[in-house]
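For reference, the structure is listed below as structure tokens.
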Amino acid sequence: MWHMSVEILDAKTKDKLCFLDKVRTYFFSSYPQWYPARQSIRLDPKGKSLKDEDVLQHLPVGTTATFYFRDLGAQISWVTVFLTEYTGPLVIYLMFYFRVPFIYAPKYDFTTSKHWVVHLACMCHSFHYVKRLLETLFVHRFSHGTMPLRNIFKNCTYYWGFAAWMAYYINHPLYTPPIYGEQQIRLALIVFLFCQIGNFSIHVALRNLRPPGSKTRKIPYPTKNPFTWIFLLVSCPNYTYELGSWLGFTLMTQCLPVAFFTLVGFIQMTVWAKGKHRSYLKEFRDYPPLRSPILPFVL
Amino acid sequence: MFKAAHSDVAPKRKKGPGALATAYLVIYNVVMTAGWLVIAVGLVRAYLARGSYHGLYYSIEKPLKFFQTGAILEVMSRVFLTWAVTHSVREVQSEDSVLLFVTAWTVTEIIRYSFYTFSLLNHLPFLIKWARYTFFFVLYPMGVTGELLTIYAALPYVQKTGLYSVTLPNKYNFSFDYYTFLILIMISYIPLFPQLYFHMIRQRKKVLGHVEDYSKVE
């Protein structure tokens, strides 16, 4: 049986921490405050963290290996973060829709808007977040199990804050419906639904690229579903469709805060799309050159 | 077989700004120093001429506006205070609080821009460095007090006139209450100012901490 001795040093102080045969689980049993998810083990103090799938014997080490440890801080699972950040907007928006007391003037408590677009907007907004919750539970296959704990506060502030801000105006007793009325609302609804289906199709396509429990990365390609044909032109069409959905919602509600939320979301998604696009290019020599990160030919 | 020929590797030189960037920065800083000196001189002359602080704002209004807006890189609070508060609310312009923060900014800026100018020319007199990291002890609280008092003075007028405020209903379904916004700004000073202040104190320890070493280098 192949045997090796392993030494783990603290990445900052280079103090010897312990001798180990198997890495993360044994490390955890010696240091119970550092559960496996928050251990970053590297071959180089400033290097990339090794993955659980990495095999000790295949690493460029001799019979005595020196690894460097870094504490990633308290971790929280992606699923938990997604569920929390998406449930907030769902609930918060409904509170404004039903005009729960202390938001608007008391005479409006528990009244409903006379504009049917307000009801439609509530259905769309709620549908969007229910879809996200279901996708989190049944569709997405996450590369990383966890993220730093502080992210949940940052993310929830963003989603919950914007949801409250938008919902306040859309459900306000003095809300003004779109200038072009029925036509505008109908067009907006079509755009919104089209992009919701599109976004869902991409999520399913990405899921199917990856066998259950695996973390492999492959180039996504168009499938039989026409909504995925956008892969010909774009690396991250899920973001493209997401932008489209929110543009539809902005058009539907004709509400400046919604436009602002759409803009901020677009900026963030562009940053992510560019990053993803770059990793695709780095990892795959034969990556289709026609593709742009998020907007065909443009961005 | 291991020995790397370290002697052949050139020592890593710190990459500073290129010649053109340096020239631009020098000119920029000289102009800013001059501008703030103009304002300072203007203040002193106006005081001597009038014999009181009354109406001092008007004497330096033009250069103040120019040098504040010209410095787009400046901290947002400065531009905001000048335009969105002091300029917009006429009634506030004769307040003593305005003099307070203008004086604080003026002195701060003269020191700061001469500091940058000299740094760029690699010839920083210790006195300037010392002044930059010491005067702030008084100038920061002075400036903050002036700014807060000015905003506070502007509040009743903002509320009465609805300045910069947007109300419902409107076709963009948006509203903005400048009065509430100003109050939030004032509240934001509570976490922000101590952070800035303690950051400067930490910087001071770092920069001036090794006074003995520095005099050897100079």
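A few notes on this one:
- Candidate set from region A:168-204 (those that are touching a helix residue (DSSP H, G or I) at 6+ places or on another chain (Cβ under 7 Å) and in a loop (DSSP other than H, G, I, E, B)); member that is nearest to the other protein chains (Cβ to nearest Cβ): A:Tyr175
- Residues that are touching a strand residue (DSSP E or B) at 6+ places or on another chain (Cβ under 8 Å) and either assigned to a loop (DSSP other than H, G, I, E, B) or without any contact (Cβ under 8 Å) to a residue 12 or more places away in the chain (or both), drawn from region A:213-236: A:Leu233, A:Ser235
- Of the residues making up region B:138-176, those that are among the charged types (D, E, K, R) and out of contact with any helix residue (DSSP H, G or I) (no Cβ under 9 Å at 6 or more places or on another chain) number 2.
- For region A:83-123, filtering for residues that are acidic (Asp, Glu) and buried (at least 16 other Cβ atoms within 10 Å of the Cβ) leaves 1.
- Which numbered condition A:Ser126 fails, given (1) away from every other protein chain (no Cβ under 14 Å); (2) surrounded by 15 or more Cβ atoms within 10 Å (Cβ to Cβ); (3) assigned to a loop (DSSP other than H, G, I, E, B): (3)
- Selection status of A:Gln196, on the phi > 0 side of the Ramachandran plot and surrounded by 13 or more Cβ atoms within 10 Å (Cβ to Cβ): no
Conditions (1) in a helix (DSSP H, G or I); (2) within 14 Å of chain B (Cβ to nearest Cβ); (3) more than 30 Å from A:His172 (Cα to Cα), marked per residue:
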{"position": "A:Asn238", "(1), (2), (3)": "yes, no, yes"}
{"position": "A:Leu243", "(1), (2), (3)": "yes, no, no"}
{"position": "A:Trp246", "(1), (2), (3)": "yes, no, no"}
{"position": "A:Leu251", "(1), (2), (3)": "yes, yes, no"}
{"position": "A:Val258", "(1), (2), (3)": "yes, yes, no"}
{"position": "A:Met269", "(1), (2), (3)": "yes, no, no"}
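- Subset tally (residues that are surrounded by fewer than 15 Cβ atoms within 10 Å (Cβ to Cβ) and within 30 Å of A:Tyr168 (Cβ to Cβ)) for region A:60-79: 1
- Qualifying positions in region B:149-179 - away from chain A (no Cβ under 14 Å) and closer than 30 Å to A:Gln254 by Cβ: B:Val158, B:Gln159, B:Thr161, B:Gly162, B:Leu163, B:Tyr164, B:Ser165, B:Tyr178, B:Tyr179
Yes/no per residue for (1) surrounded by 13 or more Cβ atoms within 10 Å (Cβ to Cβ); (2) modelled with pLDDT under 90; (3) touching a Phe, Trp or Tyr at 6+ places or on another chain (Cβ under 7 Å):
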residue: B:Glu109; (1), (2), (3): yes, yes, yes
residue: B:Leu124; (1), (2), (3): yes, yes, yes
residue: B:Phe136; (1), (2), (3): yes, yes, no
residue: B:Lys171; (1), (2), (3): no, no, no
residue: B:Pro194; (1), (2), (3): no, yes, no
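- Of all the numbered requirements in (1) outside any loop (DSSP other than H, G, I, E, B); (2) modelled with pLDDT under 85; (3) surrounded by fewer than 20 Cβ atoms within 10 Å (Cβ to Cβ); (4) touching a helix residue (DSSP H, G or I) at 6+ places or on another chain (Cβ under 8 Å), B:Val98 misses one, and that requirement is (3).
- When A:Arg207, A:Arg278 are screened for being in a helix (DSSP H, G or I), modelled with pLDDT under 95 and under 17 Å from the mean Cα position of the chain (by Cα), only A:Arg207 passes.
- Selection within region A:265-299: residues that are touching a residue at least 40 places away in the same chain (Cβ under 8 Å) and hydrophobic (A, V, I, L, M, F, W, C). The member of this set that is surrounded by the most Cβ atoms within 10 Å (Cβ to Cβ) is A:Ile294.
- In a residue-by-residue description of region A:74-86, the property of being among the aliphatic types (A, V, I, L, M), more than 30 Å from A:Ser126 (Cα to Cα) and at pLDDT below 80 applies to no position.
The values are calculated or read from the model by the stated rules, or taken from the named source; none is laboratory data. As the structure is a computational prediction, the values presented were derived from the model and not from experiment. Cβ coordinates were reconstructed from backbone atoms using ideal geometry, including for glycine residues, and neighbour counts include every protein chain displayed.
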